[in-house]
Each structure stands twice: as C-alpha cells, then as structure tokens.
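Down below is the structure, laid out as structure tokens.
Where a number appears in this text, it was derived from the coordinates with a stated rule and is not lab data. The model shown is predicted, which means the values in this text are computed figures rather than measured ones. Here Cβ is always computed from backbone atoms with ideal geometry, including for glycine, and neighbour counts include all displayed protein chains.
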Amino acid sequence: MKRVKLDRRQVGAGFAATLAMPFVVRLGAVPAVAQDGSGTWRQLGTLSEEAQRLGLSVPRMGLAPASATEDFTEIQPAIVDFMDGITASAPDAPGATSSDIDSLLERASELLRTARNAERVPRDIPEGPQAAAVTPPKFEDVADEYRRLFETCQIRSENRSTVQWYVSKITDSARRKSYEDAFIETCVPWYAVAIIHGMECSFDFNSHLHNGDSLKAKTKQVPAGRPNPWLPPSDWVSSAVDALRYDKLHEQADWSLPRMLYRWEGYNGWRSRLLYKINTPYLWSFSNHYTKGKFVADNKWDPNAVSKQCGAAVMLKALVEGGFITAPA
C-alpha cells in the first residue's frame, strides 16, 4: 500500500507538541479502567511499548489522562501524534523493518477508527441507513445565516488548545502537500480537503476520505464500494480525489464562505438543523454556537450528548484567525 510520506522534520513540531499536552502521564501508569487490556489507552500503551522496543520515538503519553476516560477529545490527538511519531522516527530506527512500521500504523489506525466511529455516526446521504425524509433548505434562505454565524463564532476557551491541535495538523507542510495534490485534481480548496479529512478521518492518511474506512480495501460504510474502479494498492490522494468527485465537489466553482458551509452541512446531513432546531455540531462544535445535542447511533438522537469533535466551521475560523488563509468571501 502506498503511503503519504511525512518528512520527520515536518512532523517534529506536532510531535513535540504532544509531549507537552496536559493529559500526558508516564508510561506504565495504567489506570484501573484499562486493566483488562481492552481499553483504548491500554491498547495504545501496548503499541507504544512495542514501538519503543523497536527503537522508535513515541510521545511519553502513557496510557490515559488523569481522568482515565474514553474521551475522544483526548484519544484522537494521542493516537494521531503516536502515528506521527512512528513516521518521523522510522528513518532513524534501523531495527524497525517496513513491515514493523506498517503493522504499528495499521493497528493504530484501526484503534483511531474505532474511537471515531464511537464518537459519531456515519454521514447522512440518501442511500445510507440514516436517510430521512427531510428537504434541505434552499441555499438562498440560509446564506446570510452562515455569514452571521461565522462572523460571530467564538472558540470556547476550554477547547482552544484542542482546536490549535487541529490547526497544526491542517497546516503541517507534508499534509498540506497531499491536500494540494487533491486540489490540483479537483479544484477543491486545499483547506476544504484538509477539514473534511479531519472530520472524516481524524487526519489519518491510512483512511479513505469518503468515510474514514481503511485504505486497505474498498469502503464498507456509506458510500460503500469506493473508490471505483479499485486499483490497489491505493494511495490516499487518488482515493481522496474519488471521494471529492463522488460528491461532485470537483464540479463546483463557488467556494465562498456560505457555499462551503452549506456543502459541509449537507455532506453530513440536515437533520440536526431541521428536526432538532440546533446548529449542527458538524460545523459548530467547540464554539459558542453549539452546546449539546447529537446523534449517538443510527437514527438515535440524544439531546444531552455533547460532540467531542471540532466542527468544520470552527476549524475554518481558527485557520482565518491564525492567518493561515484569507477568510472566504
């Protein structure tokens, strides 16, 4: 399987940031909740110990934050930065074979996929199990609302450091090259590709952009059977191009702010807005425009559940505030 190659110097900044994250604890400090070996932190700790034996550098994250919970806000960056550490240190670990590296990355990717799937339900598109009889609003009726919400969007103080982690992944030079390669093929703005990658794959280049399924085979979740045709081994960029074309995003010339937010909301589904009258967490989680309410399973709405994934519009806002992109018109 062809992989996106991340230069270890390019990964270094994000990897170093992991070492300073507030939930870092020493390796070996195993929380009681994970003693059975099935918890996410326990499994990540096992992978960390294996990597260290192979001479690979990984974050000194231990097995869990102080709370020892399966909180996606903490699990996601820990796994992604672990994978970045493996990739960055692989050239300096002569005792680790390419097979060893692939095995560690694939197992970490599956661990991340399991955590992400537990956090959110699959995307809501017509042939999917979540399809519901809702009529999307007309773009003209919501465009000004999108502009107003984006202008007044404020990242919650308790989430700001996590949002900065998202930004660090989007703007990493090696990742950005892959996003720009997808842009060359589709004309979808690189940062729009990056944000979809964060939402659907947690920035994992071992996963299909369509829905986060493993890149080792065609997609199984909706949309299933992609890419088509399947020409293994598939690389991330070619699969991403297929995903963007599947949704006809390559045919769109208008990438203004309201159009972008309208497409992202439609990409995930309209039911939060239309059935439950809230700003969808897919766009606004971690901001002042979202408090609670989300789907926790297919067609199962929990009004008190809170999204642990940064919203797409919030990522865009952070990129603008950080000066990485100009605010879309």
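Which trypsin sites (Lys or Arg not before Pro) in the stretch 227-329 pass both tests, a DSSP loop state and at most 16 other beta-carbon atoms within 10 Å? Please list the in-between numbers first.
Details: sites: Arg245, Lys248, Arg259, Arg263, Arg271, Arg273, Lys277, Lys292, Lys294, Lys300, Lys308, Lys317; in loops: Lys248, Lys277, Lys292, Lys308.
Passing sites in the stretch 227-329 are Lys248, Lys277, Lys292.
Given 0.36 nm per residue, what is the gain on full extension from Asp102 to Leu275 after removing their alpha carbon distance, in nm? The partial results should precede the final answer.
On the way: separation 173, 0.36 × 173 = 62.28 nm, distance 4.34 nm.
Additional length available on full extension: 57.9 nm.
Sort 216-222, 168-174, 141-147 by packing, meaning the average of other beta carbons within 10 Å per residue, with the highest value first.
So the peptides 216-222, 168-174, 141-147, ranked by packing, come out 168-174, 216-222, 141-147.
Please compare each pair in Lys138/Lys216; Lys177/Lys277; Lys138/Lys169; Lys169/Lys216; Lys220/Lys308 to a cut-off of 31 Å on the Cα-Cα distance and tell me which ones are over it. Provide the component values of the computation, followed by the final result.
Details: Lys138/Lys216 38 Å; Lys177/Lys277 38 Å; Lys138/Lys169 33 Å; Lys169/Lys216 23 Å; Lys220/Lys308 24 Å.
Going by Cα-Cα distance, Lys138/Lys216; Lys177/Lys277; Lys138/Lys169 fall outside the 31 Å limit.
Could you check the simple spin-label distance between Glu180 and Ala297, using points 7 Å along Cα→Cβ, in nm with one decimal?
If labels sit at Glu180 and Ala297, their model points lie 4.6 nm apart.
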